[in-house]
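In what follows, a single structure is set out as structure tokens and then discussed.
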Amino acid sequence: MLDALEAVRPFLVAGIAGMLGTLVVQPADNVKSRIQLINESRGMHQTTKSTKLLDVASSILREEGWTSFYKGLDSSLFRQSLFSTFRLGIYKWISDTLKKRHEKTGLSPLELVYASACGGTVAALISNPFDLCMVRCQADNLLPVERRRNYRHVFDAIYRVQKEEGIKTLWRGSSPAVIRATVANLSTIATYDVIKDLISRRLENKDTTAVRMAAAALSTVIGTTMILPFDNIKTKLMMMKEGADKKMPYRGTFDCMVKSIPVSYTHLTLPTIYSV
């Protein structure tokens, strides 16, 4: 019994931590999705709205009320219950298995990639339907009234997507989501361990809570920088709708990335794949 609990502990801890984190960061995540899509519309000369963080946040508060910061929360919680559970749980399980098998304390670069890719791929594919619903709920008010989807809740969103657009649509944007999750594992978990060890050695091997928090903060900055392009592309693919010509604006991940880069240079900004 104890062995079984020990085996599932990394999965449970990761899932619960992810869901608790979502309750805190949901407003910021909502603003981030809005900024990404507003920047896309600016590049296509469809809007002149500001993409500045405070401007977008104040616009949401003024025009929609504070509850809009938590739009898509149910989808986000369901997503995290699967995404964090499997992304971090599988990574930890593979990592521990490899260390025990080879009787060592660390992983080689190839083993890090392997553990990250396995955890990221499984997590992204399983959670993608909820991810898609979350993004659509968060940014629905950016669409013209007649084009809004107006999902009532996560299960209404999933039902309507598979009914109106086909069940495959629930996995739209899964390619950049898989890459994003893999890069997230590599750029946060791996860098966390490296940074924590460096700080600990500077402080004469003191592994304190403050050291862990500092390492977590720094690894998060690195991870966010690395995953943002794929997160941006994922958001655009999940939100896209047919135009008047009955064609989708993007054919896939690579097409979206190619079209995103030149668009932003018309505004003399960083590429839109890095809009935040």
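The values are calculated or read from the model by the stated rules, or taken from the named source; none is laboratory data. Not measured: the values here are computed from a predicted model. Please note: Cβ atoms are built from the backbone with ideal geometry, for glycine as well, and neighbour counts cover all protein chains shown. Heavy atoms of the whole protein, side chains included, go into the accessibility calculation; ligands, DNA and RNA do not. Shrake-Rupley method; radii C 1.70, N 1.55, O 1.52, S 1.80 Å.
Tabulated data for the structure shown
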{"read-out": "Local electrostatic count, Ala57, Cβ distance below 13 Å [Lys/Arg +1, Asp/Glu -1]", "value": "+1"}
{"read-out": "Surrounding net charge for Gly119, when Lys and Arg each add one and Asp and Glu each subtract one, Cβ distance under 9 Å", "value": "+2"}
{"read-out": "Cα-based helix-to-principal-axis angle, 109-139 vs the chain, degrees rounded to 10", "value": "30"}
{"read-out": "Correct choice for Cα extents along the principal axes in Å that was computed from the model, options (1) 61, 42, 36; (2) 71, 42, 35; (3) 92, 50, 46", "value": "(1)"}
{"read-out": "Computed over segment 73-155: relative contact order in percent, which uses C-alpha pairs under 8 Å that are six or more apart", "value": "43"}
{"read-out": "Carbon plus sulfur fraction of accessible area for segment 1-151, probe 1.4 Å, in percent", "value": "65"}
{"read-out": "Integer Hz, Karplus 6.51/-1.76/1.60 couplings in order for segment 140-152, x for Gly and Pro", "value": "4, 6, 6, 7, x, 3, 6, 10, 6, 8, 6, 5, 7"}
{"read-out": "Environment charge at Val154 (Cβ cut-off 14 Å; Lys +1, Arg +1, Asp -1, Glu -1)", "value": "+2"}
{"read-out": "Net dipole in debye of the chain [+1 Lys, Arg Cβ; -1 Asp, Glu Cβ; about Cα centre; nearest 20]", "value": "380"}
{"read-out": "Ordering of 28-34, 251-257, 50-56 by burial proxy (mean other Cβ atoms within 10 Å per residue, highest first)", "value": "28-34, 251-257, 50-56"}
{"read-out": "Under 5 Å, built H, 5+ apart or other chain: amide partners of Thr47", "value": "Arg42"}
{"read-out": "Accessible surface, the chain, averaged per residue in Å² (probe 1.4 Å)", "value": "55"}
